[in-house]
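Presented below is the structure to which this report refers.
The values are calculated or read from the model by the stated rules, or taken from the named source; none is laboratory data. On a predicted model such as this, the values are computed, not experimentally measured, just so you know. Here the Cβ positions follow ideal geometry from the backbone for every residue, glycine too, while neighbour counts run over all protein chains shown.
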Amino acid sequence: MYHVKYWTVKALCATFLLFILYGTGIGDTVHKEDKIDAQALWTYMTVENPYQNYPAWPGKEGFYESTMPPGNILRLYINDVALDTIVNKKGVFPDGTLLIKENYTDDRKLFLITIMYKMKGFNPAGHDWYWVKFKPDGEVRLEGKVDACINCHVGVANNDYVFTGSIK
Ligand code: HEC
């Protein structure tokens, strides 16, 4: 009798642990099948796994200036799979890649957060990037297959749509 109970408890614990581990994957948290929600992404990156703790793009630690007029001040945060891709020159970012760019004014006031999130099957013609423009309070200004973003980033399509550095 004692044994049965013990195993039940163990099984319950294992199930619970698996549930937690499973739930921590960004793909499972942020998107279901090919559906994505910018609010879920915002909650993920600000509450569940705050992006301020993510690594920087190697060589782009801290604040730096945009290469594009009007030359905003930027900070770029990337998740671990993105870092792995860059460091190991893998040539293409995998499913679940998250790139978060903060835009600041000259006096270091945050005014915009732009995101690229890779989601397998979302937009194969555009390398499956999901684009979002957030206000600093999380308000969604643009999201999805955003032409305004794609039309400029397509210039670096051969670098998986990313400007900051070569990933090959
Ligand atoms: C006119 C061209 C242009 C447009 C439009 C544009 N970007 Fe970018 N983006 C850049 C450049 C150039 C960089 C590299 C950083 C820099 O020098 O500003 C960049 C960098 C980024 C990065 C960091 C990863 C990378 O490519 O280096 C993200 C994320 C990003 N942009 C998201 C967006 C989103 C979301 C939109 C649409 C709301 C957008 N961008 C629109 C030119 C553009």
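Of note:
- Residue within the stretch 59-69 that is crowded, with 19+ Cβ neighbours inside 10 Å and either modelled with pLDDT of 95 or more or assigned to a helix (DSSP H, G or I) (or both) present: no
- Unmet criterion (only one of (1) within 11 Å of the ligand (Cβ to nearest atom); (2) of a type in the set (D, E, K, R); (3) touching a residue at least 24 places away in the same chain (Cβ under 8 Å)) for GLU65: (3)
- Of the residues screened, THR114 is one that is in a strand (DSSP E or B) and of a type outside the set (D, E, K, R).
- Cβ pairs under 7 Å, 6+ apart, first in the stretch 83-95 and at pLDDT 95 or above, second of a type outside the set (A, V, I, L, M, F, W, C) and assigned to a helix (DSSP H, G or I): PHE93/THR85; PRO94/THR85; ASP95/GLY27
- Qualifying residue in the stretch 146-163 (condition: more than 10 Å from the ligand (Cβ to nearest atom) and hydroxyl-bearing (Ser, Thr, Tyr)): no
- Matching entry among ASP84, ASP95 (being more than 11 Å from the ligand (Cβ to nearest atom), among the acidic types (Asp, Glu) and assigned to a loop (DSSP other than H, G, I, E, B)): ASP95
- Filter pass, ARG108 being touching a strand residue (DSSP E or B) at 6+ places or on another chain (Cβ under 6 Å) and under 22 Å from PRO58 (Cα atoms): no
- In the stretch 98-118, residue farthest from the ligand (Cβ to nearest atom) [restricted to those that are in contact (Cβ under 8 Å) with a residue 40 or more places away in the chain and either on the phi > 0 side of the Ramachandran plot or surrounded by 19 or more Cβ atoms within 10 Å (Cβ to Cβ) (or both)]: ARG108
- Output for the stretch 31-58, where each listed residue is in contact (Cβ under 8 Å) with a residue 24 or more places away in the chain and either touching a Phe, Trp or Tyr at 6+ places or on another chain (Cβ under 9 Å) or within 12 Å of the ligand (Cβ to nearest atom) (or both): HIS31, ASP34, ILE36, ALA38, LEU41, TRP42, MET45, TYR51, GLN52, TYR54, PRO55, TRP57
- For LYS120, the conditions (1) over 16 Å from the mean Cα position of the chain (by Cα); (2) assigned to a loop (DSSP other than H, G, I, E, B) are fulfilled apart from (1).
- Selection within the stretch 119-136: residues that are crowded, with 18+ Cβ neighbours inside 10 Å and not aromatic (Phe, Trp, Tyr). The member of this set that is nearest to the ligand (Cβ to nearest atom) is LYS133.
- Each residue in the stretch 137-151 was checked for being over 16 Å from the mean Cα position of the chain (by Cα), surrounded by fewer than 17 Cβ atoms within 10 Å (Cβ to Cβ) and not in a strand (DSSP E or B), and 5 pass.
- Near pairs, Cβ below 7 angstrom, 6+ apart or cross-chain, from the stretch 157-168 (in contact (Cβ under 8 Å) with a residue 60 or more places away in the chain) to any residue that is among the hydroxyl-bearing types (Ser, Thr, Tyr): ILE167/THR85
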